[in-house]
Structure formats: structure tokens, C-alpha cells
């Protein structure tokens, strides 16, 4: 049985490290974006698209990390919403409204064709979602790793 738990631990650690690196990449893009100054529209669009694409990957990694953690604890949860609900029950997530919005934004990014909606999602990522994901990763680190 120990071998199985070791494999879970290794997989969780690898996924955590990759997720945390993705968070740091997104935070670096955010910092550069906030310090841009006067630039052309193309540069702004490139930054916006980079923020959203990094966010999509980060959100996907985040719920898969939670899924692995719960699987190691004997729970088989294979959906983002289920993982976020369980994380809320376990106190890893404090504001379920933000996490519902995180999931909604992630599901919406592939189907948005209006620039205003795309900008709104980018702003929410920068103002709310990055912080929420970072808080979750810090809690996981302190409690599990």
C-alpha cells in the first residue's frame, strides 16, 4: 500500500510544482502588463491574450491538483466543480462565489466573441482569480506538502 501512496505523493508534488510555476508566470505577465505605460493596441491585445491563456492552463492544473489530492484521500472527484466544492468543505477555499466565477470564466473564454466580455474576464483574472488561486496553493503547501 505504501507504494501506491508514494506514487500519489509524487504525482501531487509534481502537479503542485507545475501549477505553482504557471501561477508565477501569470503573475509576471500581470506585473509587466500593469507597468506597460503607453503602448499600441496590438501589444495590449497580446498581453490580454497571454493573461487569459495562462489563466486557462492554471485553472485546469488547479482543479486537477485538487482531484489528485482528494484521490489520495480516497475521494474520486473528476470535475472542476466537484473539486472546488470539496475544497470548500475542507476549508481550502473560503469564497465559493469567487470559485464559481473562476470556473465560469474558464468555461467562457473559448466562447467569447465580444471584446468587452473578454476584457472583463481579463480584469477579473487580474483582480480576483490570481489571488484566490495563490491563496489555495499556499494552503495546500502549508497543509499537505
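Some values worked out for this structure:
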quantity	calculated
Checklist (1) within 17 Å of the chain's Cα centre (by Cα); (2) surrounded by fewer than 15 Cβ atoms within 10 Å (Cβ to Cβ) applied to residue 84, failing item	(2)
Filter result (surrounded by fewer than 16 Cβ atoms within 10 Å (Cβ to Cβ) and either touching a strand residue (DSSP E or B) at 6+ places or on another chain (Cβ under 7 Å) or closer than 21 Å to residue 124 by Cα (or both)) within segment 87-100	88, 94, 95, 96, 97, 100
Any hit, segment 74-81, residues being assigned to a helix (DSSP H, G or I), at pLDDT below 95 and more than 18 Å from the chain's Cα centre (by Cα)	no
Criterion: more than 16 Å from the chain's Cα centre (by Cα) and either in contact (Cβ under 8 Å) with a residue 40 or more places away in the chain or under 19 Å from residue 22 (Cα atoms) (or both) - qualifying residue of 123, 115, 119, 56	119
The listed residue being in contact with a helix residue (DSSP H, G or I) (Cβ under 9 Å, 6 or more places away or on another chain) and at positive phi, out of 74, 91, 37, 82	91
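Here is a yes/no grid of residues against (1) outside any helix (DSSP H, G or I); (2) out of contact with any strand residue (DSSP E or B) (no Cβ under 6 Å at 6 or more places or on another chain); (3) surrounded by 15 or more Cβ atoms within 10 Å (Cβ to Cβ):
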{"position": "7", "(1), (2), (3)": "no, yes, no"}
{"position": "19", "(1), (2), (3)": "no, yes, yes"}
{"position": "37", "(1), (2), (3)": "yes, yes, no"}
{"position": "48", "(1), (2), (3)": "no, yes, yes"}
{"position": "51", "(1), (2), (3)": "no, yes, yes"}
{"position": "54", "(1), (2), (3)": "no, yes, yes"}
{"position": "59", "(1), (2), (3)": "no, yes, yes"}
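The values are calculated or read from the model by the stated rules, or taken from the named source; none is laboratory data. For clarity, every value in this text was computed on a predicted model and none was experimentally measured. As a convention, Cβ positions derive from the backbone with ideal geometry for all residues, glycine included, and neighbour counts pool all protein chains shown.
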